[in-house]
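To keep things clear, I will list the structure first and then write my remarks on it.
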Amino acid sequence: MWKEIGDRERGILRPKSFTTRIKSNRIRTLQISNHKDIVSPHRASINSLQVDLTEGRYLLSGAADASAAVYDVQRATDYEGGGLIAKHKCLFVVDKQHEHGHKYAISSAIWYPVDTGLFITGSHDHHINVWDTNTTQVVMNFKMPGKVYRTAMSSLATTHMLIAAGTEDVQVRLCDIASGAFSHTLSGHRDGVMTVEWSTSSEWVLVTGGCDGAIRFWDIRRAGCFLVLDQSHSQLGRRPTIPEHSATNKALTSKSLSSGQNLNAKPRAQQRKLANGNGTKQSPVGRMPAKGSLRQRLHPGMLSSLDRATAHYGAVTGLKATEDGMYLLSAGSDSRLRLWDVESGCNTLVNFETVRLQAGKPIQLATSQDSALVFVPCMTAVKAFDVWSGNTSQTFRGHYEYVNSCWFSSQEQELYTGGNDKQILVWSPPRLIADEGDEGPAQDRDNWSD
C-alpha cells in the first residue's frame, strides 16, 4: 500500500488507477471479519441478501422462516470485546406474526433501486409484497401462479417501475408498482423460471434462466424473446477492447474516406463484384438477401432449432451480469459456470475450475466492482473465481451448512454471505491496528508522532 501511495504522490499513478489498485488489494485480502458481526434473527436458512444501491448502508435479508430483516452495516448497535467487535443487530424484522407477512419461505428480498423507502419480498406462498420501510407495512401485493423463486428490478430504469418475477410457472411476469397490476407476461420457457436478471446496460432488456436449461433475453418493448443462449455456440476468449483513441481515429478515418470517396469508388465496386461473384448486394448476416435481417425474421417466433437451445445441462440456478453489461455469468444444476458474450450470444469457453453447486434451489452470485472476480456459493464454501481465466482466486470457509447467497459491497469492499446455518457472515479486509512496532516508514514520522 505504501508503494501505491508513493507512486500517487510522484504522479506515476493516476487517481483512477490508484483507487482501482487499492480496492483490488483490499479484495485480495478478504477474510472473515474480526471486527464486525451481523446478529441474525432468522431461525431458518437465509436465501437472499442485498445492500441498498443508494447509500450502500442497509443490508436486507430474506429467510426460509418467512422473515425479512434490515441491518445498518455502517453503524453498530452494540460493541463487545472492549469495543473491538461491532455488533450489528437488525433495525426491524417482519415475519409470520406480521398482519400481512408471508406464510412460507421468503426466497427473494430486494431493495427498490432508487430509494430505501421500499423493499420487495417474494415467497413460496405465491405472493410478492411491496413494503414501506418506515412503517413496515405492505403497500402492494401481487398474487403469483406458483412459488416465487426470484425477483429483480432494473437499477437503470427511469421510465418504468417493473418487478420481474421468476416462479415455478413457465411464464415470466412483470409486476408494475405504478399501477399495481401485471404489465407483461413473457412466454417461452418450458419449465419453471428459477432466476431473473436485468441488463446493466439497458433498462429494457431482461435475462431469465429456467429449469429447462435455457437462458432467454427479452426486450420488454416487443413480443417474444430475441435471443436464446446455446452452449455449443462459442468463441474463444473475451472480446477485444476498444482503444480510447478509437473515436479520434474514427473521425480522422471518416474524413479521409469522404475526401477520397470519388477516387476509390470504382475499385470498391470491382472488389464487391469479385467477392460476391456478381454485382448483387448481399446482407452481412448469413449472406441472406437484403430484404430484412435474419434476427428480424426470427423474432419473435425464431426457428425451432434455435428456440430449443440450452445453456446448461439442467436448471439454470444463477445469473449475474457484469458491471458494463457486456458479459453474463451463469450457474447451473450441472455444476457448471459459464461466461457469455452478450452481444454475440457466444459461450466464451472460460474453463472455470471444478465446483459443486446446489441443484435444487437458486443461488445468488456476486461480482466485484470491476467485475474481475465472481463470488459463487459452492456448497459449504464461497469461491472467488477470476472471471477471465476461470482460476480460483480465493476460497471462503466459515459456514457450517450450504451457502445460498452472497452480496459484495463495493463501497466497503466487504462480502456478505448467508446459508442454511442461519448465519450472515461478513468477510472484510483486515483492519490495520498500528502499534509501537508498526508505525509505517521512518520518513513519514515527525515530532508529533506517538
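The values are calculated or read from the model by the stated rules, or taken from the named source; none is laboratory data. Because the structure is predicted, anything quoted here is derived from the model rather than measured. Methodologically, a virtual Cβ is constructed for each residue, glycine included, from the backbone with ideal geometry; neighbour enumeration extends over all protein chains shown. In case anyone asks, the SASA skips ligands and DNA or RNA and just uses the protein heavy atoms, side chains included. Shrake-Rupley method; radii C 1.70, N 1.55, O 1.52, S 1.80 Å.
For segment 183-197, name all the residues that are open to solvent by less than 30 Å² (accessible area, probe 1.4 Å), outside any loop (DSSP other than H, G, I, E, B) and either over 21 Å from Ser107 (Cα atoms) or without any contact (Cβ under 8 Å) to a residue 60 or more places away in the chain (or both).
Passing the criteria: Leu186, Val193.
Tell me which residues, restricted to segment 367-381, are in contact (Cβ under 8 Å) with a residue 40 or more places away in the chain and either β-branched (Val, Ile, Thr) or touching a helix residue (DSSP H, G or I) at 6+ places or on another chain (Cβ under 8 Å) (or both).
Matches in segment 367-381: Thr367, Ser368, Gln369, Asp370, Ala372, Leu373, Val374, Val376.
I'm trying to understand the selection: among the residues of segment 64-99, which are charged (D, E, K, R) and within 23 Å of Gln411 (Cβ to Cβ)?
Asp72, Arg75, Asp78, Lys87, Lys89 - these are the residues of segment 64-99 that are charged (D, E, K, R) and within 23 Å of Gln411 (Cβ to Cβ).
Got a sec? Which strands (runs of 3 or more DSSP E) wholly within segment 47-109 have at least 2 residues that are of a type in the set (Val, Ile, Thr) and open to solvent by 20 Å² or more (accessible area, probe 1.4 Å)?
Passing ranges, in order: 85-94.
Tell me, please, whether a residue that is within 14 Å of Gly209 (Cβ to Cβ), in a loop (DSSP other than H, G, I, E, B) and out of contact with any Cys (no Cβ under 8 Å at 6 or more places or on another chain) can be found in segment 368-389.
No, segment 368-389 has no match at all.
Would you point out the residue of segment 336-367, among those that are among the aliphatic types (A, V, I, L, M), assigned to a loop (DSSP other than H, G, I, E, B) and within 23 Å of Ser45 (Cβ to Cβ), that is nearest to the chain's Cα centre (by Cα)?
Checked segment 336-367; the qualifying residue nearest to the chain's Cα centre (by Cα) is Leu365.
Considering each residue of segment 321-362, count those that are of a type in the set (A, V, I, L, M) and at pLDDT below 90, and give that number.
2
Which of the residues that make up segment 199-216 are open to solvent by 10 Å² or more (accessible area, probe 1.4 Å) and in contact (Cβ under 8 Å) with a residue 24 or more places away in the chain?
Ser199, Thr200, Ser201, Ser202, Glu203, Cys211, Asp212
Give me the residue from segment 125-182 that is touching a residue at least 40 places away in the same chain (Cβ under 8 Å), in a strand (DSSP E or B) and more than 24 Å from the chain's Cα centre (by Cα) and, out of that set, surrounded by the most Cβ atoms within 10 Å (Cβ to Cβ).
Among those residues, the one meeting the criterion is Phe142.
With Asp115, Asp37 as the choices, which residue is surrounded by 17 or more Cβ atoms within 10 Å (Cβ to Cβ), in contact (Cβ under 8 Å) with a residue 24 or more places away in the chain and acidic (Asp, Glu)?
After applying the criteria, what remains is Asp37.
Among what's in segment 344-363 and is hydrophobic (A, V, I, L, M, F, W, C) and farther than 20 Å from Ala381 by Cβ, pick the residue that is most open to solvent (accessible area, probe 1.4 Å).
By that ranking, first place goes to Leu349.
Out of Tyr402, Tyr416, which single residue is open to solvent by 20 Å² or more (accessible area, probe 1.4 Å) and either under 15 Å from Gln369 (Cα atoms) or not basic (Lys, Arg) (or both)?
After applying the criteria, what remains is Tyr402.
Considering each residue of segment 304-334, count those that are buried (at least 19 other Cβ atoms within 10 Å of the Cβ), small (Gly, Ala, Ser) and under 20 Å from Val387 (Cβ atoms), and give that number.
Count: 6.
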